[in-house]
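Participant: Below is a structure I'd like to ask you about.
The values are calculated or read from the model by the stated rules, or taken from the named source; none is laboratory data. Everything numeric in this text was worked out from a predicted model, so none of it was measured. Here the Cβ is made from the backbone with ideal geometry for all residues, glycine too, and neighbour counts use every protein chain on show. In case anyone asks, the SASA skips ligands and DNA or RNA and just uses the protein heavy atoms, side chains included. Shrake-Rupley method; radii C 1.70, N 1.55, O 1.52, S 1.80 Å.
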Amino acid sequence: MNTTLDKLIKGVIALVRDVEGEDPTSMRLMEIGFIAGQSVARTGQAPAGDPIEYSVGGSRVGLRKSEAARIIVHVPAI
Amino acid sequence: MSSKLPLEANTKPKSRLLGVVALVGNPNTGKSSLFNALCGMNAKVGNFPGVTVEKKTGQWKAFDGSHIEVVDLPGTYSLAARSADESIAVEVLLGKSTKILEHGYQSSKDAPGDLEPQPDCVIVVVDAAAIERNLYLFSQVRELGLPTLLVLNMWDRVSSDSDLTIDVPKLSESLGVPVLTAVASKRQGIKEIQRAVEEMLADRSTGSKRPVSPIQPDIYPPLFLEETQELQRWLLARGHTVHRFEVSRLLIDAGGPIESYWKHVLNSGSVSEQKDITGASDAGNDTDGLDSKLQSIRARLKEADLSVPRMEPKLRHAWIKSTIKEAVRRSALPVVTFSDRIDRLLTHQVWGLLSLIAVLFFVFQAVFASIGTGWLSEQIDFGCETLALLVSSTIPPGALRSLLNDGVIAGVGGVLVFIPQIAVLFLLIAILEDCGYMARVALVMDRWMSMLGLSGRAFLPLMTSFGCAVPGIMSARTIASRRDRMVAILVAPLMSCSARLPVYTLMITTFIPTISYFNGWVSLQGLLFLAMYSLGAVVAIPIAWLLKKFAFPGPTSPFVLEMPSYKWPSWRVVLSQVWEQVRSFAVRAGTLIFCTSILLWAAAYFPSEHREENQLVAKLESIEARSGEVLRPEIAPASDVDIEAISMRINQLRATSIEQSFLGRFGRSIEPVFHAVGWDWRIGVGVIASFPAREVIIATLGTIYSLGGDVDEGSESLAEQLRASKWPDGRPVFTWVTALSIMVFFALCAQCAATLVAIKRETKTWFWPVFTFVYMTTLAYFSAMLVYIVGSQF
Ligand SMILES: Nc1nc2c(ncn2[C@@H]2O[C@H](COP(=O)(O)OP(=O)(O)O)[C@@H](O)[C@H]2O)c(=O)[nH]1
Ligand SMILES: [Mg+2]
């Protein structure tokens, strides 16, 4: 099932499919490790629930929900 | 092109320069740690992105006695630079920097610095635990065609991690460059890196040529290579020999810094590098020419499914994946690390916020608790007193003695007493930075920052400003959005920096009663201290909102921030930072504050008549000396009366002489301005003198009160002198209201020349420092007035 990263719940490991857009933010997301095929998981969040911290490619990245929504992920069916 | 500038001719070090090596890498991979280890230097290291915002150079000695220059660069994820600190790395690597090394090169004014050579060799520093992502930058750097060395730093994290294995020889083979491992923070693997660099540089100088066609055909499809060649030829026809790599960046980074650079160059028609090549006469239309050229090429690429800029990450990641698949093995699943578990707590809905508050409160409490209790401050105090006594006993009363005691010792000594507190403050800040918590603070604060229209990233410069606004303002370079960056720069000086600490301390401990609540857990003094510390930050909220709304309107910028993993702070890093800060504080006391103290002393001493005063002091001292020696009880009563009468006369004389001095006349002529905030002219003059640096107030008050105050100055602390000072009608000058209005003024006022200069440097105009100065001073004055008016009602 494909969804966007901001909707990913804790404890589920998803695979990055694509990053939408070609503005600097999208490019930065790709450079920082959100590339097709990488596995991602949600590891934490700010007290307000936004931004969210993700684990991708051996590093941890904090993203706002609006940024995470650019990232399309594949969640394997359980 | 190579660095065949007359290097040896005009460099300062005596030994031969073997070459220049640049350290590049993603943020927080240990570049500065490696730099320090390589050069035995002390660049600032910290466990959050954006600590290094300037390039910094150092050197080490090679085996043959020559030396190697090292340039530490700000971290970047990509050579498609998107923020001010990142573009420094790009400029240096492309040889466009105006001052890559401190010494020697002439730089041209009109062209933005084409004369600087590229470095001779590049060390790409990667975090081995996140090697896949880090190789993105490597794949760009190697296209520069410079000799490149890959350093797998943080090797300790890989060897303890069973989910990741890296086969170093295999990696080196498939990447085609030497690969070394290192633990920069523990200084492991440093010698090997030095040897490897020396070898690479020696190879270069013995004549084996650099690869000339550095764009790697293994990444880009043929069409792209053809198009870059086409653009390169187009530029050559206009008289510019441009490196293939730069051409590719020009093509890919639409609207990026390279594109604007070339537009600028073509527009101004300045052919800085190849003056000898003609043919650039029709320069007027070249900007439009470049625009349409780029557009047509980009359109062709798009048709071939290679639309820029998206094609770049795809191609590079594909290359990384295929290149390292033999050498790097990682378990497919993300692992939950120890760091993640800490994060669960520290970014938790409830605990996250509470821990942030607790941490901040602990910092304040610790700094507050260190007031006046430090062994060091007692020693400094004691030292000052001893010195003053020594001066009094060896130098006769007069201008010289007054200069030393009232000017220098009362001034500079008064400031040095605060060293322990400054040390504690910076110790805690350094620990917070190095353990990795700072980035979490940015994450936790993002929500509130975005209400102001800023991103959580803007919180880091503000946090740093609690230590000192100058590095805070500089670290705002890591904020990609210009608008956010400006807002952060303009409110950073409101954060309560370490130089305000002495002012708060003096005022609070002298004029606020020691009342405590909750069985001594919370003290009134402590609460007030906290309040003063928060005041600037609280006031910054509406100011930032107003600035963002009216001066720099724009959408809320995105938040993408890498979270470094938690670790134990390294003592080397922490202590060297504390040392650095304490040292600069002491240097300031010895230079700026020293000079201000002397100037102020002179203004307060001259042109008054001091003859009678000096005679009386001499007389008094001889009486005291005699009664001390002889110790005959029967003559004591008589000399007691004498002493009292003489002391009173001296005090009178001193009070009039300071009032009639230049300073006194000036101060009293503008006294009405200070009356509105409840200050007498002495405080007012002290405040005016402390506009270059706010901690000067301690020194100036020390000097003013020491000159105009009690006779036995050696025994009286500044606090006691302040308590004793009176208005002409006999009311005490200092009450808690006065103290509060002074503190509020200092909390909000822009009394720091260094900060204003930093703002000028970062914004490149004098408008913004002037703006900051005006808004902060106005704000400070009226807030102090409000405090005084409201406070006087009680
Ligand atoms: N575990 C580990 N930590 C390191 C190593 N090298 C540096 N660090 C830490 O990583 C953090 C970032 O270091 P810094 O030199 O500021 O990185 P820079 O941003 O690339 O200049 C600091 O907390 C260092 O103490 C290493 O080899 N291993
Ligand atoms: Mg650094």
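Participant: Expected output is a single nm value to one decimal: the length gained when fully extending between residue B:792 and residue B:61, i.e. 0.36 nm times separation in residues minus the C-alpha distance. What is it?
Facilitator: Extra length from residue B:792 to residue B:61 when fully extended: 256.5 nm.
Participant: Among B:603-613, B:244-254, B:482-492, how do they line up from the highest to the lowest mean number of other beta-carbon atoms within 10 Å?
Facilitator: Values: B:603-613: 16.5, B:244-254: 22.3, B:482-492: 25.0.
Per-residue Cβ counts within 10 Å, averaged per peptide and sorted highest first, yield B:482-492, B:244-254, B:603-613.
Participant: Pairs of alpha-carbon atoms within less than 8 angstrom and 6+ residues apart define the contacts here; what relative contact order does segment A:35-78 have, in percent? Present the calculation step by step, with values, prior to reporting the outcome.
Facilitator: On the way: 47 pairs, mean separation 11.3, N = 44.
In percent, rounded to a whole number, it is 26.
Participant: For segment B:487-585, what class follows from the C-alpha gyration tensor (a ≥ b ≥ c being the square roots of its eigenvalues): rounded when a/c is under 1.5, otherwise prolate if a/b is larger than b/c, else oblate?
Facilitator: Numbers: a/c = 1.95, a/b = 1.26, b/c = 1.54.
Oblate, since a/c reaches 1.5 and b/c is not below a/b.
Participant: Dipole of the protein assembly as shown (Lys/Arg Cβ +1, Asp/Glu Cβ -1, origin at the Cα centre): which of B:460, B:615, B:733 lies farthest to the positive side?
Facilitator: Comparing the listed Cα positions along the dipole, B:460 ranks first.
Participant: Across the residues of B:339-348, average count of Cβ atoms on other protein chains within 10 Å? Don't jump to the answer; show the numbers that get you there.
Facilitator: Numbers: counts 4, 6, 2, 1, 6, 5, 1, 2, 9, 4.
For peptide B:339-348, the averaged partner shielding equals 4.
Participant: Any idea what the alpha-carbon Rg over 2.2 N^0.38 Å comes to for the protein assembly as shown? Kindly include the intermediate steps, with their values, before the conclusion.
Facilitator: On the way: Rg = 31.7 Å, N = 872, 2.2 N^0.38 = 28.8 Å.
Ratio of Cα Rg to 2.2 N^0.38 Å: 1.10.
Participant: Collect residues whose amide H, placed 1.01 Å from N in the peptide plane, falls under 5 Å from the amide H of residue B:516; neighbours closer than 5 in sequence don't count.
Facilitator: B:524
Participant: Do any trypsin sites (Lys or Arg not before Pro) in segment B:305-351 lie in a loop, going by DSSP, with at most 12 other beta-carbon atoms within 10 Å of their beta carbon, and if so which?
Facilitator: Numbers: sites: B:310, B:314, B:316, B:321, B:325, B:329, B:330, B:341, B:344; in loops: B:310, B:325.
In loop regions of segment B:305-351 (DSSP not H, G, I, E or B), the sparsely surrounded trypsin sites (Lys or Arg not before Pro) are B:325.
Participant: Can you pull the mean other chain C-beta count within 10 Å for peptide A:35-41?
Facilitator: Working: counts 10, 5, 3, 4, 5, 1, 5.
Average per residue, whole number: 5.
Participant: Moving on to the next point. With unit charges on the beta carbon (Lys/Arg positive, Asp/Glu negative), name the residue among B:151, B:672, B:70 whose Cα is farthest towards the positive pole of the charge dipole of the protein assembly as shown.
Facilitator: Value: B:151.
Participant: Would you please classify the overall shape of chain A from the alpha carbon gyration tensor, given that a ≥ b ≥ c denote the square roots of the eigenvalues, rounded means a/c under 1.5, and beyond that prolate means a/b larger than b/c while oblate covers the rest? Can you show the working numbers first?
Facilitator: On the way: a/c = 1.43, a/b = 1.06, b/c = 1.35.
It comes out rounded by the Cα gyration axes.
Participant: Using +1 at the Cβ of each Lys and Arg and -1 at the Cβ of each Asp and Glu in the protein assembly as shown, identify which of B:601, B:25, B:774 lies farthest towards the dipole's positive end.
Facilitator: About the Cα centre, the residue reaching furthest to the positive side is B:25.
Participant: Relative contact order of chain B, please, whole-number percent, based on alpha carbon pairs below 8 angstrom and at least 6 residues apart.
Facilitator: On the way: 1211 pairs, mean separation 86.2, N = 794.
Reported as a whole number, the value is 11 percent.
Participant: What accessible area, summed over both chains, is buried at the A-B interface (1.4 Å probe, Å², nearest 100)? Walk me through the intermediate numbers first.
Facilitator: Numbers: alone 4650 and 35590 Å², together 36680 Å².
Chains A and B together bury approximately 3600 Å².
Participant: Chymotrypsin sites (Phe, Trp or Tyr not before Pro) within segment B:454-529: which are DSSP loop residues with at most 15 other Cβ atoms inside 10 Å? Could you put the intermediate results ahead of the total?
Facilitator: Values: sites: B:459, B:466, B:504, B:511, B:517, B:518, B:521, B:529; in loops: B:466, B:518, B:521.
Taking segment B:454-529 and a limit of 15 other Cβ atoms within 10 Å, the loop chymotrypsin sites (Phe, Trp or Tyr not before Pro) found are B:518, B:521.
Participant: Run the numbers on chain A and let me know its relative contact order in percent, using alpha-carbon pairs under 8 Å that are six or more apart. If you can, show how the numbers build up before the last one.
Facilitator: Values: 150 pairs, mean separation 34.1, N = 78.
Across chain A, relative contact order equals 44 percent.
Participant: Still on this structure: About the Cα centre of chain B, how large is the charge dipole given +1 on each Lys and Arg Cβ and -1 on each Asp and Glu Cβ? Please answer in debye to the nearest 20.
Facilitator: Values: 74 positive and 75 negative charges, 358 e Å.
In debye, rounded to 20, chain B gives about 1720.
Participant: Okay, next question. By the scheme Lys and Arg +1, Asp and Glu -1, what is the net charge of all other residues having a beta-carbon under 14 Å from that of residue B:76?
Facilitator: On the way: positive: A:28, B:31, B:55, B:82, B:133, B:249, B:477; negative: A:31, B:54, B:72, B:85, B:86, B:91, B:127, B:253, B:562.
Summing Lys/Arg as +1 and Asp/Glu as -1 gives -2.
Participant: So what is the calculated 222 nm ellipticity per residue for chain A, using -39500 (n - 2.57) for each DSSP H run with n of 4 or more, over all residues, to the nearest 500 deg cm²/dmol?
Facilitator: Values: 2 runs with 12 residues, N = 78.
My calculation for chain A gives -3500 deg cm²/dmol from helical runs alone.
Participant: Sorted by average packing, counted as other Cβ atoms within 10 angstrom per residue and highest first, what order do B:676-684, B:64-72 take?
Facilitator: Numbers: B:676-684: 22.0, B:64-72: 19.7.
By packing density, highest mean first, the sequence is B:676-684, B:64-72.
Participant: Same structure again: Can you list the residues, at least 5 places off or on another chain, whose amide H is less than 5 Å from the amide H of residue B:181, using H built in the peptide plane?
Facilitator: Counting only residues 5 or more places away or on other chains, the set is B:152.
Participant: Just the accessible area per residue of chain B, please: how many Å² with a 1.4 Å probe?
Facilitator: Values: 33860 Å² over 794 residues.
Per residue, chain B has 43 Å² of solvent-accessible surface.
Participant: Here is a follow-up. Only four residue types carry charge here, +1 at the Cβ of Lys and Arg and -1 at the Cβ of Asp and Glu. Report the dipole size of the protein assembly as shown about the Cα centre in Debye, rounded to the nearest 20.
Facilitator: Values: 83 positive and 84 negative charges, 350 e Å.
Dipole size: approximately 1680 debye.
Participant: Please list, in order along segment B:643-653, the HN-Hα scalar couplings obtained from phi with the Karplus expression 6.51 cos²θ - 1.76 cosθ + 1.60 (θ = phi - 60°), rounded to whole Hz, x for Gly and Pro.
Facilitator: 3J(HN,Hα) across segment B:643-653, in whole Hz: 4, 5, 5, 5, 4, 4, 5, 4, 4, 4, 4.
Participant: Summarise the accessible area of segment A:28-78 (1.4 Å probe, protein heavy atoms) by the percent that is carbon and sulfur. Please list the in-between numbers first.
Facilitator: Details: 770 of 1320 Å².
With neighbouring chains kept in place, the figure for segment A:28-78 is 58 percent.
Participant: At a probe size of 1.4 Å, how large is the accessible area of residue B:159, to the nearest 10 Å²?
Facilitator: Rounded to the nearest 10, that gives 90 Å².
Participant: Also, quick follow-up: Eigenvalues of the Cα gyration tensor times 5, then square-rooted: what semi-axes does that give for chain B, in whole angstrom, largest first? Before the final figure, lay out each step's value.
Facilitator: Working: eigenvalues 689, 159, 147 Å².
The answer is 59, 28, 27 Å, longest axis first.
Participant: Another one. Report, as an integer, the average count of C-beta atoms from other chains found within 10 Å of each Cβ along B:310-318. Please report the intermediate quantities before stating the final value.
Facilitator: Details: counts 7, 1, 3, 10, 4, 0, 3, 7, 3.
So the per-residue partner count for this stretch is 4.
Participant: Report the normalised scattering of segment B:537-582 as log10 I(q)/I(0) at q = 0.14, 0.29 Å⁻¹, calculated by the Debye formula with identical scatterers on the alpha carbons.
Facilitator: -0.73, -1.03
Participant: What angle, in degrees between 0 and 90 and rounded to the nearest 10, separates the Cα long axis of helix B:286-303 from the longest principal axis of the Cα atoms of chain B?
Facilitator: 60 degrees
Participant: In addition: Short version: ³J(HN,Hα) in whole Hz for each residue of segment B:695-703, in order, from phi by Karplus 6.51 cos²θ - 1.76 cosθ + 1.60 (θ = phi - 60°), x for Gly and Pro, what are they?
Facilitator: The phi angles translate into 6, 4, 3, 4, 5, 5, 4, x, 5 Hz.
Participant: Please give the Cα centre distance for segment B:168-198 versus segment B:564-613, rounded to the nearest Å.
Facilitator: After rounding, the separation between the Cα centres reads 43 Å.
Participant: Could you give me the percent of Cα pairs per 10 Å distance bin for segment B:727-779, shortest bin first, beginning at zero and ending with the bin that holds the maximum distance?
Facilitator: So the P(r) values, bin by bin, are 24, 34, 21, 15, 6, 0.
Participant: Would you jot down the residues in segment B:441-458 that end up with at least 50 Å² less accessible area in the complete protein assembly than in the chain alone, with a 1.4 Å probe?
Facilitator: B:443, B:447
Participant: Helix B:351-369 sits at what angle to the longest principal axis of chain B, using alpha carbons and giving 0 to 90 degrees rounded to 10?
Facilitator: The angle comes out at about 40 degrees.
Participant: Right, another one. For an R0 of 45 angstrom, estimate the FRET efficiency from the Cβ-Cβ distance between residue B:731 and residue B:571 and round to the nearest 0.05.
Facilitator: Details: r = 52 Å, r/R0 = 1.15.
The computed FRET efficiency comes out at 0.30.
Participant: Take peptides A:21-28, B:19-26 and line them up by average Cβ neighbours within 10 Å, highest first, as a rough protection proxy.
Facilitator: For the peptides A:21-28, B:19-26, the packing ranking is B:19-26, A:21-28.
Participant: Also: Given only helices, namely DSSP H runs of n ≥ 4 each adding -39500 (n - 2.57), what is the per-residue ellipticity at 222 nm of chain B, to the nearest 500 deg cm²/dmol? Numbers along the way, then the final one.
Facilitator: Details: 35 runs with 442 residues, N = 794.
Rounded to the nearest 500, the figure is -17500 deg cm²/dmol.
Participant: Checking the table B:44/B:186; B:31/B:760; B:96/B:764; B:293/B:764; B:302/B:325; B:31/B:170 against a 26 Å threshold on Cα-Cα, which pairs fail? Can you show the working numbers first?
Facilitator: Numbers: B:44/B:186 16 Å; B:31/B:760 28 Å; B:96/B:764 19 Å; B:293/B:764 32 Å; B:302/B:325 30 Å; B:31/B:170 24 Å.
Distance filter (> 26 Å) returns B:31/B:760; B:293/B:764; B:302/B:325.
Participant: Let me ask something additional. Please list the non-local residues whose amide H lies under 5 Å from the amide H of residue A:69, H modeled 1.01 Å from N, same-chain partners needing a gap of 5 or more.
Facilitator: Amide H to amide H, under 5 Å and 5 or more residues apart or across chains, residue A:69 pairs with A:6.
Participant: Now for a separate question. How much length is gained if the chain between residue B:361 and residue B:173 is pulled fully straight, taking 0.36 nm per residue apart and subtracting their Cα-Cα distance, in nm to one decimal? The partial results should precede the final answer.
Facilitator: Working: separation 188, 0.36 × 188 = 67.68 nm, distance 5.27 nm.
Between residue B:361 and residue B:173, full extension yields an extra 62.4 nm.
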